[in-house]
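**Q** Pasting a structure below so you can have a look.
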């Protein structure tokens, strides 16, 4: 019989018995900048101790997905593509924004087909992570993809994405690469390793 693994919320509760702090009160909010991609909002805040501050944040929309494809040979499939922010080519897991009204796992399957040309018979949400939560209102769902087979969809990339297989057992080698630096991809690697270890300890696929 498969053994149930305590979820993250249960583990957190066991380690944290302190009451949740009261959030600051939002006195006013206004849009202070906007581009084709980004919107910046200013928040006038009053903290519980009476202090007033104005914070700025980049407004998010729908969550994104990051897919960790694992093939039958226990290899991770990574995408090498141009990153404008760092002006170089980076290795990372395929990712994309969830379309309006789209199911999270459907979005993961679509992005996998568009970027790597593969479909997955199994898609499993591992965890939601945030990116610079002090400044950005956005989350990314990490999704494990298994049972891979060719089934491409046309995407919107400006050039073909190079698919780079990497043995899961050599995660240290991947982490040592100068072109594997994106925090979400690094987090996804660790989270999927923990998920797979828990699955093995439970004696089967986690439900």
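FYI, it's all coordinate maths here, none of it is from the lab. All values derive from a computational prediction rather than experimental measurement. All Cβ positions, even for glycine, are placed from backbone atoms using ideal geometry, and neighbour counts span all protein chains on display.
**Q** Do we have any residue at all in region 182-199 that's loosely packed, with under 14 Cβ neighbours inside 10 Å and assigned to a strand (DSSP E or B)?
**A** No - not one qualifying residue is present in region 182-199.
**Q** Kindly indicate whether any position in region 104-117 is surrounded by 13 or more Cβ atoms within 10 Å (Cβ to Cβ), farther than 18 Å from residue 191 by Cα and without any contact (Cβ under 8 Å) to a residue 12 or more places away in the chain.
**A** Yes, region 104-117 contains at least one residue that is surrounded by 13 or more Cβ atoms within 10 Å (Cβ to Cβ), farther than 18 Å from residue 191 by Cα and without any contact (Cβ under 8 Å) to a residue 12 or more places away in the chain.
**Q** Going through region 136-161 one residue at a time, which ones are surrounded by 12 or more Cβ atoms within 10 Å (Cβ to Cβ) and farther than 19 Å from residue 72 by Cβ?
**A** 136, 137, 138, 139, 140, 141, 142, 153, 155, 157, 161 - these are the residues of region 136-161 that are surrounded by 12 or more Cβ atoms within 10 Å (Cβ to Cβ) and farther than 19 Å from residue 72 by Cβ.
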